[in-house]
Amino acid sequence: MSTPTIATGAARSGATTPLGRLRALSRAEFTLLMRNRSAVITALFVPLLLPFSLYQGMREMDLAAHGLSLGVLMLTAGIGFSLLFAVYATLVATYVSRREELVLKRLRTGEASDAEVLGGTAMPVLAVSLAQTLLMAVACAALLDIGAPKAPHLLVLGVVLGAVLCAALGAATARLTRTVESSQVSSLPFLFVTMLGSGMAVPTEVMPDRMAAVCELLPLSPAIRLVRDGWLGTMSAGEALTAVATALVWVVLGVFAVRRWFRWEPRR
């Protein structure tokens, strides 16, 4: 299947309901994802391998003094990397590719709404990220002896909010990206800032207070905090509400940016 056949695949399937159209688009996108070797490596393998690069550095931190554990931090980092690479970075390249090949333009001429087109494109990588999260949670619980999550509702909230935010920011970044090749550059600022400042590689508890206060306001920081403290069960109700509210603000800003500035056609 070539990329432009996404526009005709949904029509041939006879999908006339929003759910049917989403399923048709998602199936076509999943097929293309599996045929793109670089996308498969970015989405499937990078998030599973990167946490091991942090293992030695985390072991040297005084985590117990801050009520943290190495296993939970490794799991949190793995989930964060999945959101960044499987969802955000992959979607930047995917949206740019579909736009430059006029697939998005063709899809908009059919029955699918803008939200369905963008959502159907994002659905496969969101499913991949969810599968990775479940796999890492089971593996870490069994191998690193971290037990079951103490507040699973916060963990689920963190994963969902983080996935929605990364999908929205992926579409927003695609607006600033001219080609698929340049997507590797345009996505770097968010990737680096988030990895270093959102509590994935370095917990905010071990940072200086002023730096930690700034880092906690980064887009993905609230979701990472919800994931980590959802497993540990150390977050108070007030802290949880603050984290959820901050994450929702970023989600709203991301969705607004996509609705206002997303480009459906290439620059000519």
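The values are calculated or read from the model by the stated rules, or taken from the named source; none is laboratory data. Nothing here was measured: the structure is a model prediction, and the numbers come from that model. No Cβ is skipped: glycine too gets one built from the backbone with ideal geometry, and neighbour counts run over all protein chains shown. Only protein heavy atoms, including side chains, enter the accessible area calculation; ligands, DNA and RNA are left aside. Shrake-Rupley method; radii C 1.70, N 1.55, O 1.52, S 1.80 Å.
Here are the numbers:
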{"item": "Residue pairs meeting the criteria (Cβ under 8 Å; at least 6 apart or on separate chains; first farther than 18 Å from His66 by Cβ, in region 214-241; second among the β-branched types (Val, Ile, Thr) and open to solvent by less than 40 Å² (accessible area, probe 1.4 Å))", "result": "Leu217/Thr246; Leu218/Thr194; Pro219/Thr194; Leu220/Thr194; Pro222/Val244; Pro222/Thr246; Ala223/Val159"}
{"item": "Out of Val160, Val180, Val185, sole residue that is free of Cβ contacts under 8 Å to residues at least 12 places away in the same chain and surrounded by 15 or more Cβ atoms within 10 Å (Cβ to Cβ)", "result": "Val160"}
{"item": "Residue within region 93-100 that is under 12 Å from the mean Cα position of the chain (by Cα) and modelled with pLDDT of 95 or more present", "result": "no"}
{"item": "Test: Ala201 is closer than 30 Å to Asp229 by Cα and surrounded by fewer than 21 Cβ atoms within 10 Å (Cβ to Cβ)", "result": "yes"}
{"item": "Failed condition for Arg210, given (1) within 21 Å of Asp114 (Cα to Cα); (2) open to solvent by 60 Å² or more (accessible area, probe 1.4 Å)", "result": "(1)"}
{"item": "Residue check, Leu191 out of contact with any Cys (no Cβ under 6 Å at 6 or more places or on another chain), surrounded by fewer than 22 Cβ atoms within 10 Å (Cβ to Cβ), free of Cβ contacts under 8 Å to residues at least 40 places away in the same chain and of a type outside the set (Ser, Thr, Tyr)", "result": "no"}
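A quick yes/no check of all residues on (1) part of a loop (DSSP other than H, G, I, E, B); (2) among the polar types (S, T, N, Q); (3) under 13 Å from the mean Cα position of the chain (by Cα):
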residue	(1), (2), (3)
Asp145	yes, no, no
Ala148	yes, no, no
Val159	no, no, yes
Gly162	no, no, yes
Ala171	no, no, yes
Thr177	yes, yes, no
Glu181	yes, no, no
Met195	no, no, yes
Ala201	yes, no, no
